[in-house]
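Inspection log for the structure reproduced underneath, given as structure tokens.
The values are calculated or read from the model by the stated rules, or taken from the named source; none is laboratory data. Quantities reported herein were computed from a predicted structural model and do not represent experimental measurements. So basically every Cβ, Gly included, is an ideal-geometry build from the backbone, and we count neighbours across all protein chains shown.
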Amino acid sequence: MEDSSIGSIVIFGVYLAGMVGIGLWVYKRTVSQADFVLGGRSLNSWVSGLSANASDFSGWLLLGLPGAIYVSGLGEAWIAVGLASGFAGSWLIIAPRLRVYTERVTDSRTGAESDSLTLSSFLENRFNDRTRLLRAVSAILIIVFYFFYVASGLVAMASLFDMVFGLDPAPAIAIGVAIVVLYTVLGGFLAVSYTDVVQAMMMWLALLVVPIMAISALGGFAGLTDGVTDKAEGLMSAFGGTSLDADTGAWITTETLGAVVIVSGLAWGFGYFGQPHILARYMGIRSVKDIPKAAGISVVWAVTAMILAVLVGFIGIAYFDTPLGDPEQVFPSLIASLTNPLVAGVLLAAILAAVMSTADSQLLVAASALTEDGYKAFVDEKASPRSLLWISRGTVVAVAIIAALVALYGNSSVMDLVGYAWAGFGAGFGPVLLLALFWKRMTWAGALAGMIVGGSSAILWDILDSAYLGTGLYAMVPAVALSFLSILLFNGLGKVSEQMEADFDRVEAELKSGGHDEKPTAAV
């Protein structure tokens, strides 16, 4: 075995052992279902903010986005602009109300404060839905789309292990799944959140170090700019259509980017309003008073990280004389070319951190949906918190196995898989959640229609557009529009109860007063 491989194995081993160590550290603090799902709502601003980043920006940030820029230039950066705007908007608009509302809303079955632990249970209680349809449909959407989302992370993980160790996808995915499942099962939400902080720092530092080294090797920013424009003028234009021709290995300039491409890129930002694994960070923060600081930390990290990821894509264009066979390998290829084996091992571990930090959060949310919104809601309502905790741990394993099968036998890139799941969540939950938090007269009928139409449209649009329409419009756009329209059309079929109005007014008053004091739990 080469010394470089041994060094990488040691670095990866230390990193993976550290993640498991964190899981063991918080194991004794995870004693109930509430601890496992939301950590007792005890996250401080720094942990909540960085955990939201790490949970959100998966292998897509270090592999998918640089790869997209490498292929098409600045025109692909519209996605980053949309994401930055949507991320900031979700913190400012969604986070405060969701934090208060999920804790204060009345339980639709008991009449007491519910302390809703999942998005599905919140929607059921918010609309006093005693049919449980909202809970069932939302849980199904969460579980189905997370299979694809987690699979996207596993695809990225397999790609990394192949490059570093030459491992085939099956053993690579098996190793990654085993580690993620182990610390997630041990410590639940707190383990995931703590590991997220470490992983967020690793990701950001890797995105900073590699461009500094590469730009120096290229002779400064002038060398970078010349290297890119020499390949194709349109690469540096946000409106210039440019693409890497796989057959010739050259970048060719096409027509100017149209409105469809730009709108599709910006539309990614709306996805933040419906991503359960990110919304869980808003629900798990210890107090609404901590949200402004958490939002500032999170948004600054996100904006700078995406700028650096875009820069990595351009550096790849200028640095490599021969076009890469797999554009999504541009970041790890730069690491391998610019650094010694020890440093490369550390930086490549950051890519693994990016993948794992999202996969663990998604596994946890999917397991919570199966346990809290499936087993507890429909099988055993009187199940003890302790038994639910162990059922949740078991479902983490089950979801991971199914997602691994999707990753192994599917045939899509990281970007494609993320795109499907992102649109599904954004359209299925985004419009419903926005109106649930801000529209007092919204009913369960409107919410149900919005979820079904939004989630299904996100899937059907891709099928119809590729087979018949050929517009190239990202599914988020029509699916969100149809979801809002469905809510308005069907809302009148439901009824707004006095309890729903009282809950809405109580949350409104609490937010105007500055929010309630946090629970007397240890800040983490």
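A few remarks follow.
- Options Val185, Val197, Val210, Val192: the member that is closer than 22 Å to Tyr15 by Cβ, at pLDDT 85 or above and touching a Lys or Arg at 6+ places or on another chain (Cβ under 9 Å): Val185
- When Val365, Val330 are checked against the criterion of being among the β-branched types (Val, Ile, Thr) and over 19 Å from the mean Cα position of the chain (by Cα), a single residue qualifies: Val330.
- Residue among Ser497, Ser486, Ser457 that is polar (S, T, N, Q) and within 21 Å of the chain's Cα centre (by Cα): Ser457
- Candidate set: the range 12-35, residues that are within 17 Å of Val365 (Cα to Cα) and in contact with a Pro (Cβ under 9 Å, 6 or more places away or on another chain); chosen: the one surrounded by the fewest Cβ atoms within 10 Å (Cβ to Cβ): Ser32
- Failed criterion for Leu117 (all others in (1) in a helix (DSSP H, G or I); (2) buried (at least 24 other Cβ atoms within 10 Å of the Cβ); (3) in contact (Cβ under 8 Å) with a residue 24 or more places away in the chain hold): (1)
- Neighbours by Cβ (under 6 Å, 6+ apart or cross-chain): first from the range 264-289, in contact (Cβ under 8 Å) with a residue 12 or more places away in the chain; second of a type in the set (Phe, Trp, Tyr) and surrounded by 24 or more Cβ atoms within 10 Å (Cβ to Cβ): Ser264/Tyr474; Ala267/Tyr474; Gly271/Trp422; Tyr272/Phe87; Gly274/Phe425; Gly274/Phe429; Gln275/Phe425
- Test: residue in the range 303-317 that is under 28 Å from Val185 (Cβ atoms), out of contact with any His (no Cβ under 7 Å at 6 or more places or on another chain) and small (Gly, Ala, Ser): no
- Qualifying residue in the range 102-114 (condition: in a helix (DSSP H, G or I), surrounded by fewer than 24 Cβ atoms within 10 Å (Cβ to Cβ), at pLDDT 90 or above and in contact with an Asp or Glu (Cβ under 9 Å, 6 or more places away or on another chain)): yes
- Annotation for the range 320-328: at least one member residue is assigned to a helix (DSSP H, G or I) and closer than 27 Å to Ser51 by Cα.
- Annotation note: Cβ proximity below 7 Å between a residue of the range 494-514 that is surrounded by fewer than 16 Cβ atoms within 10 Å (Cβ to Cβ) and a residue that is of a type in the set (Val, Ile, Thr) and not in a helix (DSSP H, G or I) (sequence gap 6+ or interchain) occurs for Lys495/Thr443; Gln499/Thr106.
- The set of residues in the range 205-264 being surrounded by 13 or more Cβ atoms within 10 Å (Cβ to Cβ), hydroxyl-bearing (Ser, Thr, Tyr) and assigned to a helix (DSSP H, G or I) consists of Thr225, Thr229, Ser264.
- For the criterion of being at pLDDT below 90 and out of contact with any Phe, Trp or Tyr (no Cβ under 7 Å at 6 or more places or on another chain), Gly223 fails.
Each row is one residue, and each column tells you yes or no for (1) modelled with pLDDT of 95 or more; (2) crowded, with 20+ Cβ neighbours inside 10 Å; (3) touching an Asp or Glu at 6+ places or on another chain (Cβ under 8 Å).
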| position | (1), (2), (3) |
| --- | --- |
| Val396 | no, yes, no |
| Ala400 | no, yes, no |
| Tyr409 | no, no, no |
| Ala421 | no, yes, no |
| Ala436 | yes, yes, no |
| Gly446 | yes, yes, no |
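- Test: residue in the range 79-92 that is crowded, with 24+ Cβ neighbours inside 10 Å and not in a helix (DSSP H, G or I): no
- Qualifying residue in the range 13-35 (condition: under 17 Å from the mean Cα position of the chain (by Cα) and not in a helix (DSSP H, G or I)): no
- Selection within the range 130-143 - surrounded by 21 or more Cβ atoms within 10 Å (Cβ to Cβ) and not hydroxyl-bearing (Ser, Thr, Tyr): Leu134, Arg135, Ala139, Leu141, Ile142
- Residues of the range 366-384 satisfying the condition of being more than 17 Å from Phe145 (Cα to Cα) and crowded, with 24+ Cβ neighbours inside 10 Å: Glu372
- Residue in the range 23-42 that is closer than 30 Å to Gly265 by Cα, touching a helix residue (DSSP H, G or I) at 6+ places or on another chain (Cβ under 8 Å) and not small (Gly, Ala, Ser) present: no
- Looking across the range 472-493, the residues that are crowded, with 24+ Cβ neighbours inside 10 Å and not aliphatic (A, V, I, L, M) come down to Tyr474, Ser483.
- All positions within the range 457-489 that are assigned to a helix (DSSP H, G or I), β-branched (Val, Ile, Thr) and touching a residue at least 40 places away in the same chain (Cβ under 8 Å): Val477, Val480, Ile487
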